[in-house]
1. Note the full-extension length gain between Ile70 and Leu30 as 0.36 nm times their separation in residues minus their Cα-Cα distance, in nm to one decimal.
2. Quick one: pull the percent of accessible area on the chain belonging to carbon and sulfur, 1.4 Å probe, ligands and nucleic acids left out.
3. Looking only at trypsin sites (Lys or Arg not before Pro) in DSSP loops with at most 16 other Cβ atoms within 10 Å, what is the longest site-free stretch of the chain?
4. Candidates (1) 6.1; (2) 6.8; (3) 5.7; which is the computed mean projected area of the Cα convex hull in nm²?
5. Between Lys41 and Ala16, what is the label-point separation in nm under the 7 Å Cα-to-beta-carbon projection?
6. If you line up the long axis of helix 47-71 against the longest principal axis of the chain, both from Cα atoms, how many degrees apart are they, to the nearest 10?
7. If I fit a long axis through the Cα atoms of helix 20-42 and take the longest principal axis of the Cα atoms of the chain, what angle between them do I get, 0 to 90°, rounded to 10?
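The values are calculated or read from the model by the stated rules, or taken from the named source; none is laboratory data. In this text the structure is predicted, and so the values were computed from the model without any measurement. Using ideal geometry, Cβ is built from the backbone for each residue, glycine included, and neighbour counts are taken over all protein chains shown. Accessible surface areas use protein heavy atoms only, side chains included; no ligands, DNA or RNA. Shrake-Rupley method; radii C 1.70, N 1.55, O 1.52, S 1.80 Å.
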Amino acid sequence: MNKKSVPKKPLNKALALSGAGLQMGLTIYLGFLLGTWLDKKFELEFLTETITLLAIFLAMYSLIKQANKINE
């Protein structure tokens, strides 16, 4: 038997992305905490900004991957 693929409802897509903001915020905040800790540990001044920026890029990449997976 052939099973027809049922298109996802818009509400299901919205629910799948509902935690994306929290996930992005948590990723960026944890990157900031890691950078701050490393700055104090190694007595440097640039790791907080660098790791926070990398966390922002990682969060955006993750969001785009999730959105693409949902739209497939």
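1. 11.8 nm
2. 68
3. 9-72
4. (1)
5. Each label point lies 7 Å from its Cα, and together they span 3.7 nm.
6. That helix lies at roughly 0 degrees to the long axis.
7. Once rounded, the angle reads 20 degrees.
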